[in-house]
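One structure below.
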Amino acid sequence: MFKGKNVVITGGSRGIGFATAKIFAEANANVLITGRNEEALKNACAEIGRNCRYIIWDIARLDVLDDKINECIQNLGRIDVFVNNAGALVRESPMDVTPESWELVINTNMSAVFFACQKLIDYMIKNDIRGHIVNVASENAFMFNANPYYISKWGTRAITGGWGLYAAPYGIVVNGVAPGATKTDMTKGADNPANIPRGKLAKPEEIGELIKFLASPAADNIIGETVLSTGGHNLQVPW
């Protein structure tokens, strides 16, 4: 299904992004991952194998976004699938949020997603590519909190719906995923939380498989949705 397809995954050197890159590479896609740490990117590509390459890209820097997407296109020849996965999390109470931490989280998790969608959709329309964009949000996109992380993920969910509506007439499919607690570096020490009905955290690969599905023709009738994958946690949260 993905043989010969070109896939870009931001924040692809670890966690959900890395697992997703491996899944696409195993499906014979050409994969390009991005991140800020070149050594981590090199190691990730070495583990993923010959179908993987990388570029260094700080997604929070909106001033280089157009140039970096163009660099992705030059590396791959074209882009068929773009996964907005890179994210920033600042663990602060609302009263401790500073303009600096706000700007980092909002630029990384929301503004970069909006403008990447804008650039990619324009590119796909002009090149008659019936592509797929998948935005990684969070179950926090459905919860109220004055923390900028929650706010940014609400924004990601709104961006996904808005661009999904705009892009659908052009045959471009935009959707999102909203993972619950997932076993990554952010969740070390919480292997079997009692508040998840399933009784355990998701594996990054489980989220990656959902992303792959949303990037496939099988999901072409799903438009602008942010799909929850929480092990049942969302069913007991009073939104």
Legend entry - When residues of the range 81-96 are limited to those that are among the β-branched types (Val, Ile, Thr) and modelled with pLDDT of 95 or more, the one surrounded by the most Cβ atoms within 10 Å (Cβ to Cβ): Val83
Inset, instruction - Please enumerate the residues belonging to the range 76-106 that are out of contact with any Pro (no Cβ under 7 Å at 6 or more places or on another chain) and aromatic (Phe, Trp, Tyr). - result: Phe82
Legend entry - Residue among Ala181, Ala190 that is open to solvent by 30 Å² or more (accessible area, probe 1.4 Å), touching a Pro at 6+ places or on another chain (Cβ under 9 Å) and modelled with pLDDT under 95: Ala181
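Okay, residues lined up against (1) in contact with a strand residue (DSSP E or B) (Cβ under 9 Å, 6 or more places away or on another chain); (2) modelled with pLDDT under 95; (3) on the phi > 0 side of the Ramachandran plot; (4) open to solvent by less than 30 Å² (accessible area, probe 1.4 Å):
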residue	(1), (2), (3), (4)
Ile33	yes, no, no, yes
Arg78	yes, no, no, no
Val105	no, no, no, yes
Val113	yes, no, no, yes
Cys117	yes, no, no, yes
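For the range 1-108, which fully contained helices (runs of 4 or more DSSP H) count at least 2 residues that are within 24 Å of Leu201 (Cβ to Cβ)?
Working: elements: 15-26, 38-48, 65-76, 99-106.
Ranges flagged: 15-26, 38-48.
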Inset, instruction - Just need a number here: residues in the range 5-22 that are surrounded by fewer than 24 Cβ atoms within 10 Å (Cβ to Cβ) and closer than 19 Å to Leu120 by Cα. - result: 2
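Can you go through Asn51, Asn43 and tell me which one is among the polar types (S, T, N, Q) and at pLDDT below 95? Write out each step before concluding.
Numbers: Asn43 fails: at pLDDT below 95.
Criteria check complete, one pass: Asn51.
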Inset, instruction - Only one of these is open to solvent by 30 Å² or more (accessible area, probe 1.4 Å) and in contact (Cβ under 8 Å) with a residue 24 or more places away in the chain: Asn175, Asn221, Asn145. Name it. - result: Asn145
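In the range 131-142, how many are part of a helix (DSSP H, G or I) and either touching a residue at least 60 places away in the same chain (Cβ under 8 Å) or open to solvent by 40 Å² or more (accessible area, probe 1.4 Å) (or both)? Write out each step before concluding.
Kept after step one, since they are part of a helix (DSSP H, G or I), are these residues of the range 131-142: 139-142.
Then keep just the ones that are either touching a residue at least 60 places away in the same chain (Cβ under 8 Å) or open to solvent by 40 Å² or more (accessible area, probe 1.4 Å) (or both); that gives 139, 141-142.
Residues in the range 131-142 being part of a helix (DSSP H, G or I) and either touching a residue at least 60 places away in the same chain (Cβ under 8 Å) or open to solvent by 40 Å² or more (accessible area, probe 1.4 Å) (or both): 3 in total.
Out of the residues in the range 194-239 that are basic (Lys, Arg) and more than 19 Å from the chain's Cα centre (by Cα), state the one that is farthest from Ile23 (Cα to Cα). Please lay out each step first, then the result.
Narrowing the range 194-239 to residues basic (Lys, Arg): 198, 200, 203, 212.
This time we only want the ones that are more than 19 Å from the chain's Cα centre (by Cα), so: 198, 200.
Working: Arg198: 23, Lys200: 22 Å.
The extreme case among them is Arg198.
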Legend entry - Conditions (1) modelled with pLDDT of 95 or more; (2) more than 20 Å from Gly11 (Cβ to Cβ); number of the one not met by Met143: (1)
Inset, instruction - Would you be able to tell me the number of residues in the range 1-22 that are over 15 Å from Ala86 (Cβ atoms) and in contact with an Asp or Glu (Cβ under 6 Å, 6 or more places away or on another chain)? - result: 2
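Does Tyr166 count as in a helix (DSSP H, G or I), in contact with a Leu (Cβ under 8 Å, 6 or more places away or on another chain) and either open to solvent by 10 Å² or more (accessible area, probe 1.4 Å) or closer than 30 Å to Asp96 by Cβ (or both)?
Numbers: in a helix (DSSP H, G or I): yes; in contact with a Leu (Cβ under 8 Å, 6 or more places away or on another chain): no; either open to solvent by 10 Å² or more (accessible area, probe 1.4 Å) or closer than 30 Å to Asp96 by Cβ (or both): yes.
Answer is no for this residue.
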Inset, instruction - Just name the residue that is nearest to Met124 (Cα to Cα) out of those in the range 46-70 that are free of Cβ contacts under 8 Å to residues at least 24 places away in the same chain and open to solvent by less than 60 Å² (accessible area, probe 1.4 Å). - result: Asn70
Legend entry - Selection within the range 120-130 - open to solvent by 50 Å² or more (accessible area, probe 1.4 Å) and either part of a helix (DSSP H, G or I) or on the phi > 0 side of the Ramachandran plot (or both): Asp122, Ile125, Lys126, Asp128
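The values are calculated or read from the model by the stated rules, or taken from the named source; none is laboratory data. Computed from a predicted structure; not experimentally measured. Heads up, the Cβs are rebuilt from the backbone with ideal geometry, glycines too, and the neighbour counts pull from every protein chain shown. Accessible surface is based on the protein model in full, side chains and every heavy atom, while ligands, DNA and RNA are left aside. Shrake-Rupley method; radii C 1.70, N 1.55, O 1.52, S 1.80 Å.
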